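Notes for the one structure printed next.
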Amino acid sequence: MDSGQIQTLITMILYIAIVIGIGVYFAKRANENSENYYLGGRSLGPWVAAFSAEASDMSGWLLMGLPGLAYWTGLADAFWTAAGLAIGTYINWLIVARRLRRYSEIAGNAITLPDFFSNRFHENRKVIMTIASVFILIFFCVYASSCFVTCGKLFSSLFGIDYHITMIVGAVFVVVYTFLGGFLAESVSDFMQAVVMVLALVIILTLGTISAGGIGEVFANLKAIPGFLEFFNISTPVMNEAGEQIIQNGAPLFGEAAPYGIISALSMLAWGLGYFGMPQVLLRFMAIRHQDELKKSRRIATIWVIISLTAAILIGFIGRAYVPTQFTTNSDAENIFSFLASILLHPLFAGLVSAGILAATISSSDSYLLIAASAFSKNLWQRLFRKEASDKEIMHVGRVALLVIAFLGAIIAMDENSIIFTIVSFAWAGFGATFGPLMLFSLFWKRTTRSGAIAGMISGGAMVFIWNFLIKPMGGIWGIYELLPAFIVSSLFIVAVSLLTKEPDETIQKEFEAAKG
């Protein structure tokens, strides 16, 4: 490594040291009991709740996946995805947060999502809890792998180190950090990381715009690319046999714009539906110290999301205008943010900005690992295998589960050509379709039954796999994002099966009314 790379690395190591310090600081409190470790004792303030929810949700794809998507195909895909996420964020905080905060306490003081669903329907045989826990384990393994891919790509592009080595080192760091401090440390560090992420985005956006000759010059260059700046067309890079974009006369070659219809736009807007089933976000609703602070959190979260998503897309645009031939594959294009940081900033500041990507990765992967570990230890181990397990045993088992999940995520992440956006989109659809409809019906439809809940989870989760691997490859109208059809199927199953089965007993209905407030 040269001196500049060493300075960048030093800055990033200092950042990592601060994050570990937060974990150590909260370690004693986190290890007092499993509620503190997994939910922070319901003590989050409005700023921490809002920032940690969004930082853990956005992950490295915000600084790598989304700019890469905008760099590669232009406005349409990136804009409609971002619009769906911004709308989904606001609606989720508006209608779900307050009701879930109340209901999770009424329903047996639930501290995990499977706990809540199981307690909501007064299960004796923990079928809902088991199904929910299994889906959490499956999809968080996929989610964790996307974070490890981000670590590998980041350090490989910055320092020229082998992808596999840096990916594994990143995974080990995240595991050690999550071991230490649990949910509270994770939430506090996520607050700091959310600040770093948005500052990094704004700094690179500003400097990149200036270096590219101003916003007018950027858009003038991009207008020459067919479909790049259109809402209902998409640019099509011309590829050679090796799968790389052809460079002709020093410029990237594009074909005619491909149509991007209403169905495609609705498909990407459907990303917003995913929020209703995201465990890492829903847990923040359950953990805020008082429901009256949710209004403030909603405003903070929405503003943060809009600024961050807009900046991420514009960075992809600036990258395509400023260094149009730098990246010739979709996978490589996801390095545009870190590349701009390395050429626009002094190495020390580049390290701080690149730490924004690391921040996004850490803030997400620790959430994923912690929630998956709690699903196994609290909801499977304690409820099904060792009902007499002590609180300390539950935490030990959770940490073992955390190691196993991280290992599986690292195995999935071994492919260095993985596209972060693609991995995240599949896991997002999985959670959105499995838990999203059930969360909405559980909170707002008293007639929802236990059988309806089971049918909704299984049908939604299964349809994500069926649509993605069997139907979507057919193309055409079938090529829509799997979350939309899976969400609809899950909702239909919940309604149909609930109406065909006996209505919930009086106790469940009274709890539902009490949760309405």
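The values are calculated or read from the model by the stated rules, or taken from the named source; none is laboratory data. The model shown is predicted, which means the values in this text are computed figures rather than measured ones. Every residue, glycine among them, receives a Cβ derived from its backbone with ideal geometry; neighbour counts consider all protein chains shown. Ligands, DNA and RNA are excluded from the accessible area calculation, which covers all protein heavy atoms including side chains. Shrake-Rupley method; radii C 1.70, N 1.55, O 1.52, S 1.80 Å.
Would you be able to say whether some residue in segment 216-233 is farther than 30 Å from GLY460 by Cβ, in a loop (DSSP other than H, G, I, E, B), touching a Lys or Arg at 6+ places or on another chain (Cβ under 8 Å) and of a type in the set (Val, Ile, Thr)? Within segment 216-233 (the criterion being farther than 30 Å from GLY460 by Cβ, in a loop (DSSP other than H, G, I, E, B), touching a Lys or Arg at 6+ places or on another chain (Cβ under 8 Å) and of a type in the set (Val, Ile, Thr)), the answer is yes, since at least one residue qualifies. Against the test of being touching a helix residue (DSSP H, G or I) at 6+ places or on another chain (Cβ under 6 Å), touching a residue at least 60 places away in the same chain (Cβ under 8 Å) and farther than 21 Å from SER308 by Cβ, the options TYR103, TYR90, TYR71 yield a single qualifying residue, TYR103.
Here PHE159 qualifies as open to solvent by less than 40 Å² (accessible area, probe 1.4 Å) and either touching a Leu at 6+ places or on another chain (Cβ under 8 Å) or of a type in the set (Val, Ile, Thr) (or both). The residue that is farthest from SER157 (Cα to Cα), among those in segment 404-429 that are open to solvent by less than 20 Å² (accessible area, probe 1.4 Å) and either in contact with an Asp or Glu (Cβ under 9 Å, 6 or more places away or on another chain) or basic (Lys, Arg) (or both), is ALA429. Criterion applied to LEU443, LEU369, LEU438 was being farther than 28 Å from LEU269 by Cβ, open to solvent by less than 10 Å² (accessible area, probe 1.4 Å) and either without any contact (Cβ under 8 Å) to a residue 60 or more places away in the chain or not acidic (Asp, Glu) (or both), and the one residue passing it is LEU369. Considering only residues that are in contact with a helix residue (DSSP H, G or I) (Cβ under 7 Å, 6 or more places away or on another chain) and either under 20 Å from ALA406 (Cα atoms) or open to solvent by 10 Å² or more (accessible area, probe 1.4 Å) (or both), which ones fall in segment 124-137? Of everything in segment 124-137, those that are in contact with a helix residue (DSSP H, G or I) (Cβ under 7 Å, 6 or more places away or on another chain) and either under 20 Å from ALA406 (Cα atoms) or open to solvent by 10 Å² or more (accessible area, probe 1.4 Å) (or both) turn out to be LYS126, VAL127, THR130, ILE131, ALA132, SER133, PHE135, ILE136, LEU137.
Filter segment 427-453 down to the residues that are out of contact with any helix residue (DSSP H, G or I) (no Cβ under 6 Å at 6 or more places or on another chain) and among the hydrophobic types (A, V, I, L, M, F, W, C) and list them by number. Of everything in segment 427-453, those that are out of contact with any helix residue (DSSP H, G or I) (no Cβ under 6 Å at 6 or more places or on another chain) and among the hydrophobic types (A, V, I, L, M, F, W, C) turn out to be PHE444, TRP445.
For segment 106-126, residues that are at pLDDT 90 or above, assigned to a helix (DSSP H, G or I) and either touching a Lys or Arg at 6+ places or on another chain (Cβ under 8 Å) or closer than 22 Å to MET58 by Cα (or both) total 1.
The residues listed here are PHE276, PHE285, PHE231; of these, the one that is at pLDDT below 90 and over 20 Å from ALA333 (Cβ atoms) is PHE285. Among the numbered conditions (1) outside any helix (DSSP H, G or I); (2) buried (at least 22 other Cβ atoms within 10 Å of the Cβ); (3) β-branched (Val, Ile, Thr), the only one that VAL353 does not meet is (1).
Residues satisfying the criterion are present in segment 305-314 (criterion: in contact (Cβ under 8 Å) with a residue 40 or more places away in the chain and over 18 Å from the mean Cα position of the chain (by Cα)).
Close Cβ contacts (under 6 Å, 6 or more residues apart or on different chains) running from residues in segment 483-497 that are farther than 19 Å from ASN468 by Cα and buried (at least 20 other Cβ atoms within 10 Å of the Cβ) to residues that are of a type in the set (Ser, Thr, Tyr) and at pLDDT 95 or above comprise PHE493/SER459.
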